Amino acid sequence: MADVARAAGVSSATVSYVLSGKRPVAEETRRVVEAAIADLGFTVNTMARSLRTGRSSIVALVVPDLSNPFYAQLAASLQKELRPLGLHVMVCDTQAVRDEERAFLREAVQQRFAGVVITPFRLVAKDFQTLSAAGIPVVVSADLPFGDADLVTPDARAAMRQALTEVTGAGRRRIAMIAGPRDATGGDPRLELLRALAVQLGTALPGRLVVRGEHTREAGAAGFERLMRMKHRPDAVFCANDVVAIGAMDKAEELGIGIPGDVALVGHDDASFASLVRPRLTTVRYPAPDVGRAAARLLIERLEGRVARKTVKVKAQFVPRGTV
């Protein structure tokens, strides 16, 4: 680092700030330092840091379904933020299985990971106690808080209200939802939010029009078929996420049901494929890159010594396309 500082004509502290992002650095100074780093081929000595701190340079990203592009986008964003600090992201796919979730947390303690970013699916707050005891910072990406862990959470009320207003404005009154499983941690906040908004807008989301399943394409297809077999079937279906919505579209085509002609469909997350399918999927965008950046910043703050729990809300946005 001293060699880089001499070549750039700055202090070692300035070089550290450029590498870590701990403090703002003038753009011209940053360019000079980055050029010196490139010329000298400087890299952060993560092995030395690991020996000094007793921790590895690995940050575990624990997600319930890596086949969902949302989590791939989150991983890319997280890695982009952490890589300049000499930290590396290891992605762990739990398939929404509690035993797998707990196994990855044990591994994080055993291997002394630098930190954990997790979207828990069937964990409870006490499952994080071993991480806390080991001094491993945790950032949770979820709709609800988990104990003392930092939280990145959606601010989705306005976007969901817009989505429901769009649906009811198109004359749809029988609103249904393909929701998550009953045993998911924390219940189903997206379902509860939609129910509350439906009441405010003078409609309803009755229990008989809520079907449940995993957050998978197959569950989306099965849930949609169940709704369409009802005597008084719904004319609008909200889905737990975009993967579920794609499964619903698959089944609609198989059953000869038109979207949006017969049934309006709304997804959630705005995964990369949502604008590629036909008709293009109307959805609520929960921007994965923003989630990744927020999680990285919270983790870095924890590694720098912040103790108090912190929550960051990421604003969701209604994206009208072709399925309403």
Can you tell me the order of 296-302, 306-312, 267-273 when each peptide is scored by its average per-residue count of other Cβ atoms within 10 angstrom, highest first? 267-273, 296-302, 306-312
Mind listing the long-range amide H neighbours of Ala236? Cut-off is under 5 Å, sequence gap 5 or more, other chains count too, H placed in the peptide plane at 1.01 Å from N. Arg174, Ala176, Ala264
Region 254-309 versus region 177-211: alpha-carbon centroid distance in Å: 18 Å
Tabulate in residue order the Karplus-calculated ³J(HN,Hα) for region 318-324, using 6.51 cos²θ - 1.76 cosθ + 1.60 with θ = phi - 60°, rounded to whole Hz; enter x for Gly and Pro. 6, 10, x, 9, x, 10, 10
Specify whether the C-alpha gyration tensor of region 152-234 places it in the rounded, prolate or oblate class, a ≥ b ≥ c being the square roots of the eigenvalues: rounded for a/c under 1.5, otherwise prolate if a/b is larger than b/c and oblate if not. oblate
Return the long-range amide H neighbours of Val89 (sequence gap of 5 or more, or a different chain), with a cut-off of under 5 Å between placed amide H atoms. Val59
Whose amide H sits under 5 Å from the amide H of Val117, counting only residues 5 or more places off or on another chain, with H placed in the peptide plane? Ala60, Leu61, Val62, Val139
Lysine pair number, Cα distance threshold 29 Å (strictly under), the chain, separation 8 or more or different chains: 11
Sorted by packing (mean other beta-carbon atoms within 10 Å per residue), highest first, where do 69-75, 157-163, 129-135 land? 69-75, 157-163, 129-135
Among Gly223, Gly247, Gly258, the residue with the largest mean-square fluctuation in a Gaussian network model of the chain built from Cα contacts under 10 Å is Gly258
What does the highest-first list of 8-19, 142-153, 114-125 look like by mean Cβ count within 10 Å? 114-125, 142-153, 8-19
Can you find, among Thr153, Ala8, Pro64, the residue sitting farthest towards the positive end of the charge dipole of the chain, where Lys and Arg contribute +1 and Asp and Glu -1 at Cβ? Thr153
Return Ile257, Ile178, Ile136 ranked ascending by Cβ neighbour count within 10 Å, so the fewest neighbours appear first. Ile257, Ile136, Ile178
Quick check for me: using +1 on Lys/Arg Cβ and -1 on Asp/Glu Cβ, what's the dipole size of the chain about its Cα centre, in debye to the nearest 20? 660 debye
Can you sort Cys239, Cys92 from fewest to most other Cβ atoms within 10 Å of each residue's own Cβ? Cys92, Cys239
Arg106-Leu276 FRET efficiency (beta carbon distance; Förster radius 41 Å; 0.05 resolution): 0.60
Under the rule a/c < 1.5 gives rounded, and otherwise a/b versus b/c splits prolate from oblate, where does region 189-256 land using the Cα gyration tensor? oblate
Among Pro234, Leu78, Val32, the residue whose Cα sits farthest towards the positive end of the charge dipole of the chain (+1 at Cβ of Lys and Arg, -1 at Cβ of Asp and Glu, taken about the Cα centre) is Pro234
For region 157-285, what is the relative contact order in percent, using Cα pairs closer than 8 Å and at least 6 residues apart in sequence? 25 percent
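Read-outs throughout are calculated quantities, based only on the coordinates presented, and are distinct from any laboratory measurement. Every value quoted in this text rests on a predicted model; they were computed, and no experiment measured them. Glycine also receives a Cβ, built like all others from the backbone with ideal geometry; neighbour counts cover every protein chain displayed.
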